[in-house]
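Read through the structure below, which is laid out as structure tokens, and then see the notes.
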Amino acid sequence: MKTAIRRTFGPASDRYYRLAFNIFGAVSLIPALALALLLPDQRLYAVPFPWSLLLLAIQVLALLGLAAALLQTGARKFLGFQQLFEPQGGKGELVTAGLYRWVRHPLYVAGMIFLWATPLMTRNLFALYLGLTAYLIIGAKYEERKLLSEYGSSYSRYREQTPMFIPGLKGLKRQ
């Protein structure tokens, strides 16, 4: 899609692409969220107190991890605002420290942990979470290709040393 937009509008469109992508992603998520809330639903499970507090604490930790990873990569760049003002800013530095030392996609991992640590699960939430998890996994595969083309051998070495989603998982590092 990015290539088609670039062909149509020229290289100057790169500065708007990330922000437009994020806005499109947020807006296109609204119907799925609405369906999860409005369709008839049925509870699958509810984790009782005090164990539900443990899951809520895990969700808070996931949000903190998400924030930490976002700060590491640069929130302005991730959201697309930096590109508006610095379109020729280049690819930036490959981040391999902090949370990125343990997994290649800490933002996605934190998001999935947040979703699946929900203490009350319904059919609609389960379907929504499955879809969001699939989206994150597929998105990570596409992001891997992009990062490999941007950073070349540096990313290839990083990919060989660092698992995609599960820290410490041996043998499945290059997914």
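The values are calculated or read from the model by the stated rules, or taken from the named source; none is laboratory data. Keep in mind that what you see is a predicted model, and the values were worked out from it rather than measured. Every residue, glycine among them, receives a Cβ derived from its backbone with ideal geometry; neighbour counts consider all protein chains shown.
Only one of Leu29, Leu64 is exposed (fewer than 12 other Cβ atoms within 10 Å of the Cβ) and closer than 29 Å to Leu120 by Cα; which? Matching residue, one of Leu29, Leu64: Leu64. Tell me which residues, restricted to the stretch 24-42, are over 23 Å from the mean Cα position of the chain (by Cα) and of a type in the set (A, V, I, L, M, F, W, C). Of everything in the stretch 24-42, those that are over 23 Å from the mean Cα position of the chain (by Cα) and of a type in the set (A, V, I, L, M, F, W, C) turn out to be Leu38, Leu39. Here Leu44 meets the list (1) assigned to a strand (DSSP E or B); (2) without any contact (Cβ under 8 Å) to a residue 40 or more places away in the chain; (3) not charged (D, E, K, R) almost entirely, failing just condition (2).
Looking at the stretch 102-118, can you tell me whether even one residue there is more than 16 Å from Leu66 (Cβ to Cβ), among the polar types (S, T, N, Q) and at pLDDT 95 or above?
No, the stretch 102-118 contains no residue that is more than 16 Å from Leu66 (Cβ to Cβ), among the polar types (S, T, N, Q) and at pLDDT 95 or above.
For first residues located in the stretch 4-17 and modelled with pLDDT of 80 or more, partners that are of a type in the set (Lys, Arg) and lie 6+ apart or on another chain with Cβ distances below 6 Å form the pairs Ser13/Arg6; Tyr17/Lys2. Here Tyr100 passes the criteria (1) within 21 Å of Leu132 (Cβ to Cβ); (2) among the hydroxyl-bearing types (Ser, Thr, Tyr); (3) under 14 Å from the mean Cα position of the chain (by Cα) except the one numbered (1).
Within the stretch 80-93, can you find the residues that are surrounded by 15 or more Cβ atoms within 10 Å (Cβ to Cβ) and either modelled with pLDDT of 90 or more or at negative phi (or both)?
Across the stretch 80-93, the qualifying residues are Phe81, Gln82, Gln83.
Considered as a group, the residues in the stretch 148-175 that are at pLDDT 95 or above and in contact with a helix residue (DSSP H, G or I) (Cβ under 6 Å, 6 or more places away or on another chain) include one that is surrounded by the fewest Cβ atoms within 10 Å (Cβ to Cβ), and that residue is Leu148.
Identify, please: which residue in the stretch 1-23 is under 23 Å from the mean Cα position of the chain (by Cα) and of a type in the set (Lys, Arg) and is, among those, nearest to Arg76 (Cα to Cα)? Within the stretch 1-23, the match that is nearest to Arg76 (Cα to Cα) is Arg18. Show the residue pairs that are 6+ apart or on different chains and have beta-carbon atoms under 8 Å apart, the first residue being within the stretch 141-156 and under 12 Å from His105 (Cβ atoms), the second being in a helix (DSSP H, G or I) and among the aromatic types (Phe, Trp, Tyr). Within 8 Å, the pairs are Leu147/Tyr155.
Would it be correct to say that Tyr129 is part of a helix (DSSP H, G or I) and modelled with pLDDT of 95 or more? So Tyr129 fits the description; yes.
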